[in-house]
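Peer 1: Before I ask anything, here is the structure I am working with.
The values are calculated or read from the model by the stated rules, or taken from the named source; none is laboratory data. Only a predicted model underlies this, so the values are computations on that prediction, with no experimental measurement involved. Methodologically, a virtual Cβ is constructed for each residue, glycine included, from the backbone with ideal geometry; neighbour enumeration extends over all protein chains shown.
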Amino acid sequence: MRRLVPCLTLMFVLFVPAVGHAASRDESALDSATLHMLEMQAERAEAREQAFLYTELVQVYTQVAGLQLAAGEQDKANATLKRIDHFAERIHSGLAHNTRKLKDAEKMMEASTYRLRQFLRLVSGEDQQAVAATIHQLDKVHNELLTQVFAH
C-alpha cells in the first residue's frame, strides 16, 4: 500500500498535460524511432532554432524518464536523465545565437523542470541524486532562457 500511493501519484503527474508543442504528441510518439528522428531534426536545424527543438526534446525525454521511473526501470531512467542533461547543455551552448521561440522554449523548460521536481519526491533515496542533478542543470538553463527572453 505504501508503494501504491507514490506510483499512482507518479502516474497522475505523468498524464497532466504539459505546456507547449511537444505536449500535443501522444504517448505513442515516445518510441525510439520517433525520438531519434526528433534528435536528428534538432541537430540539423538552423542554429537559431536549435534551442527550441532541444527544449522540446527535454520535455519529451522528461516524459520518458517518468514512465521509466514508474515502471521501476532505474537504469533506463538514469540513462534518460543523462540524455536530458546532454540536451540541456546543447540548449546552453546554443543560446548565444539569435534563437526563435524563446518564450515557448522557456515555458517548456519550466514545465519539464516542474515535472522532474514531482518525480524527485517519488523516487527512492539513491535515485534522488540523479534526478536532483538533472533538475539543477535544467534550472540553470531555464534561468538563461529567462535572461534571453527579457533581453529581447
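Peer 1: Looking at (1) over 21 Å from residue 139 (Cα atoms); (2) at pLDDT 90 or above, which is the one condition that is false for residue 28?
Peer 2: Condition (2) is where residue 28 drops out.
Peer 1: Tell me, yes or no, whether segment 115-131 has at least one residue that is of a type in the set (Phe, Trp, Tyr), part of a helix (DSSP H, G or I) and in contact (Cβ under 8 Å) with a residue 12 or more places away in the chain.
Peer 2: yes
Peer 1: So if I check each of 113, 80, which one is within 18 Å of residue 40 (Cα to Cα) and in contact with a helix residue (DSSP H, G or I) (Cβ under 7 Å, 6 or more places away or on another chain)?
Peer 2: Only one candidate passes the filter, namely 80.
Peer 1: Among the numbered criteria (1) more than 16 Å from the chain's Cα centre (by Cα); (2) farther than 24 Å from residue 31 by Cβ; (3) not charged (D, E, K, R), which single criterion is violated by residue 114?
Peer 2: (1)
Peer 1: May I pose another question? For segment 93-114, how many residues are touching a residue at least 24 places away in the same chain (Cβ under 8 Å) and either of a type outside the set (A, V, I, L, M, F, W, C) or surrounded by fewer than 15 Cβ atoms within 10 Å (Cβ to Cβ) (or both)?
Peer 2: The total comes to 13.
Peer 1: Looking only at residues in segment 31-59 that are crowded, with 24+ Cβ neighbours inside 10 Å and aliphatic (A, V, I, L, M), which one is modelled with the lowest pLDDT?
Peer 2: 51
Peer 1: Does segment 122-152 hold any residues that are over 17 Å from the mean Cα position of the chain (by Cα) and at pLDDT 90 or above, and which are they?
Peer 2: none
Peer 1: Is it the case, given these coordinates, that residue 18 is modelled with pLDDT under 85 and in contact with a Pro (Cβ under 7 Å, 6 or more places away or on another chain)?
Peer 2: So residue 18 does not fit the description; no.
Peer 1: It is to be established whether one or more residues within segment 46-55 are touching a helix residue (DSSP H, G or I) at 6+ places or on another chain (Cβ under 8 Å), in a helix (DSSP H, G or I), free of Cβ contacts under 8 Å to residues at least 40 places away in the same chain and within 24 Å of residue 32 (Cβ to Cβ).
Peer 2: Looking for residues that are touching a helix residue (DSSP H, G or I) at 6+ places or on another chain (Cβ under 8 Å), in a helix (DSSP H, G or I), free of Cβ contacts under 8 Å to residues at least 40 places away in the same chain and within 24 Å of residue 32 (Cβ to Cβ), one finds at least one in segment 46-55, hence yes.
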